[in-house]
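Asker: Let me begin by handing over the structure; questions about it come next.
The values are calculated or read from the model by the stated rules, or taken from the named source; none is laboratory data. A quick note: this is a predicted structure, and the numbers were derived from the prediction, not measured. When we count neighbours, we look across all protein chains shown, and the Cβ atoms used for this are built from the backbone with ideal geometry, even at glycine. In case anyone asks, the SASA skips ligands and DNA or RNA and just uses the protein heavy atoms, side chains included. Shrake-Rupley method; radii C 1.70, N 1.55, O 1.52, S 1.80 Å.
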Amino acid sequence: MKLLISDDDLTSRVMLQALTTQWGFEPVLAEDGEQAWAILRGDNPPRLLLLDWEMPGMSGPDVCKKVQEMDLDDPPFIILLTARNKKADIVAGLDAGANDYVSKPFDSAELRARLQVGKRMIDLQSELLQAHHQLKTQAAHDTLTELLNRGAVMSVLKHELARSQREGSPLCIGLCDVDHFKNINDNYGHLVGDAVLKELAKRFNKVLRPYDQVGRYGGEEFLIITNTIDINCMSPFERIRECVADTPFQHEGLSIPVTISIGIVQFTPTSSNSDINSLLNLADKALYEAKANGRNSSILA
Ligand SMILES: [Mg+2]
């Protein structure tokens, strides 16, 4: 684990570097608080910090305060090294945001133990953050296709509608349904049906631009949201439709032709009704027309 050692005293720096290397850390050295602060703002900074209290310019507690102001999700673990051992000083150091302190001259066994505690805390914090991130992802995504789930894509739609109204920019919503999906399930079984939905998600992701959003709206229904600046908002949806229809889906030796139909509604902030349900109703009607039109087509409401 990388360890930032910041001390203005050369002898102290060299000694700390040698010791902590022996203990398995990867020391990164700074000669004063400014250097330490620059390193902390760089790429992939150390998360375990050993800061001398007294340094010219920015002191150890000054660096602590700066770090605290960054308000990070994964703040570093900071140990102050200090010759000060009056209670008031210690309290001031901890108030500034330090997690621990070690008195100078330090006992190396004690310093090592305290660094190990810091390392454990950081590892634990990383695991917690990762678990938290996983839970958030799981809560917003459909497990089969890994696209946004219905709840998540609806909240994206709400958000995008509000943005569109605020910024006066158009928004297109496409409700997309797999043609004769029941036949795929009946002919090949549900596992193949699932594989088709997964492949469909991959093709959506291939064609959509990073700022477009897609979610699984229902069984074989998907909701696509794009804030296209095109007058003709059909084109992104046509690209999606073609990308699905052009190449049959391959699954365990089977070649399955798949097509989709899309009902599109364009929302223009000045003229349209911004009620989500009426927009989705319009998209649904257009989808019904696309189906009646022979499927494998997209229709603008
Ligand atoms: Mg000093």
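Asker: Condition first: touching a residue at least 60 places away in the same chain (Cβ under 8 Å) and touching a strand residue (DSSP E or B) at 6+ places or on another chain (Cβ under 6 Å). Can you find one or more residues in the range 83-100 that meet it? Even if it seems obvious, please write down each step before you answer.
Answerer: Going residue by residue through the range 83-100, those that are touching a residue at least 60 places away in the same chain (Cβ under 8 Å) are none.
Checking the range 83-100: not a single residue is touching a residue at least 60 places away in the same chain (Cβ under 8 Å) and touching a strand residue (DSSP E or B) at 6+ places or on another chain (Cβ under 6 Å).
Asker: Among what's in the range 46-56 and is away from the ligand (no atom under 11 Å from the Cβ) and out of contact with any Ser or Thr (no Cβ under 8 Å at 6 or more places or on another chain), pick the residue that is nearest to residue 29 (Cα to Cα).
Answerer: Here is the first cut: in the range 46-56, the ones away from the ligand (no atom under 11 Å from the Cβ) are 46-50.
If we keep only those that are out of contact with any Ser or Thr (no Cβ under 8 Å at 6 or more places or on another chain) too, we end up with 46-48.
Numbers: 46: 11, 47: 13, 48: 12 Å.
Among residues in the range 46-56 that are away from the ligand (no atom under 11 Å from the Cβ) and out of contact with any Ser or Thr (no Cβ under 8 Å at 6 or more places or on another chain), the one nearest to residue 29 (Cα to Cα) is 46.
Asker: Could you list, in sequence order, the residues of the range 136-153 that are among the hydrophobic types (A, V, I, L, M, F, W, C) and within 19 Å of residue 197 (Cβ to Cβ)?
Answerer: Keep residues of the range 136-153 that are among the hydrophobic types (A, V, I, L, M, F, W, C), which gives 139-140, 144, 147-148, 152-153.
If the condition is that a residue be among the hydrophobic types (A, V, I, L, M, F, W, C) and within 19 Å of residue 197 (Cβ to Cβ), then 140, 144, 147, 148, 152, 153 are the ones that fit.
Asker: Of all residues in the range 281-296, how many are crowded, with 19+ Cβ neighbours inside 10 Å and either more than 16 Å from residue 234 (Cα to Cα) or in contact with a Ser or Thr (Cβ under 7 Å, 6 or more places away or on another chain) (or both)?
Answerer: To start, the set of residues in the range 281-296 that are crowded, with 19+ Cβ neighbours inside 10 Å comprises 282-283, 286-287, 290.
After this cut, where a residue has to be either more than 16 Å from residue 234 (Cα to Cα) or in contact with a Ser or Thr (Cβ under 7 Å, 6 or more places away or on another chain) (or both) as well, the list is 287, 290.
Adding up the residues that qualify gives 2.
Asker: Sort out for me the helices (runs of 4 or more DSSP H) sitting completely within the range 1-76 that have 1 or more residues that are touching a residue at least 24 places away in the same chain (Cβ under 8 Å) and open to solvent by 70 Å² or more (accessible area, probe 1.4 Å).
Answerer: Details: elements: 10-22, 33-41, 60-70.
By residue number, 33-41, 60-70.
Asker: Here's something else I'd like to know. What residue, of 202, 206, is surrounded by fewer than 18 Cβ atoms within 10 Å (Cβ to Cβ), at negative phi and touching a Cys at 6+ places or on another chain (Cβ under 7 Å)?
Answerer: Numbers: 202 fails: touching a Cys at 6+ places or on another chain (Cβ under 7 Å).
Exactly one residue qualifies, and that residue is 206.
Asker: Right, here's the next one. Looking only at the range 118-148, count every residue that is in contact (Cβ under 8 Å) with a residue 60 or more places away in the chain and surrounded by 16 or more Cβ atoms within 10 Å (Cβ to Cβ) and tell me the total.
Answerer: Here is the first cut: in the range 118-148, the ones in contact (Cβ under 8 Å) with a residue 60 or more places away in the chain are 118-119, 122, 142, 144-145, 147-148.
After this cut, where a residue has to be surrounded by 16 or more Cβ atoms within 10 Å (Cβ to Cβ) as well, the list is 118-119, 122, 142, 145, 147-148.
Adding up the residues that qualify gives 7.
Asker: Picking from 147, 223, 197, 161, which residue would you name as being modelled with pLDDT under 95 and of a type outside the set (S, T, N, Q)? Spell out how you get there, then give the answer.
Answerer: Working: 147 fails: modelled with pLDDT under 95; 223 fails: modelled with pLDDT under 95; 197 fails: modelled with pLDDT under 95.
Answer to the selection: 161.
Conditions tested, residue by residue: (1) of a type in the set (Ser, Thr, Tyr); (2) more than 26 Å from the chain's Cα centre (by Cα).
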{"residue": "185", "(1), (2)": "no, yes"}
{"residue": "196", "(1), (2)": "no, yes"}
{"residue": "199", "(1), (2)": "no, no"}
{"residue": "211", "(1), (2)": "yes, no"}
{"residue": "221", "(1), (2)": "no, no"}
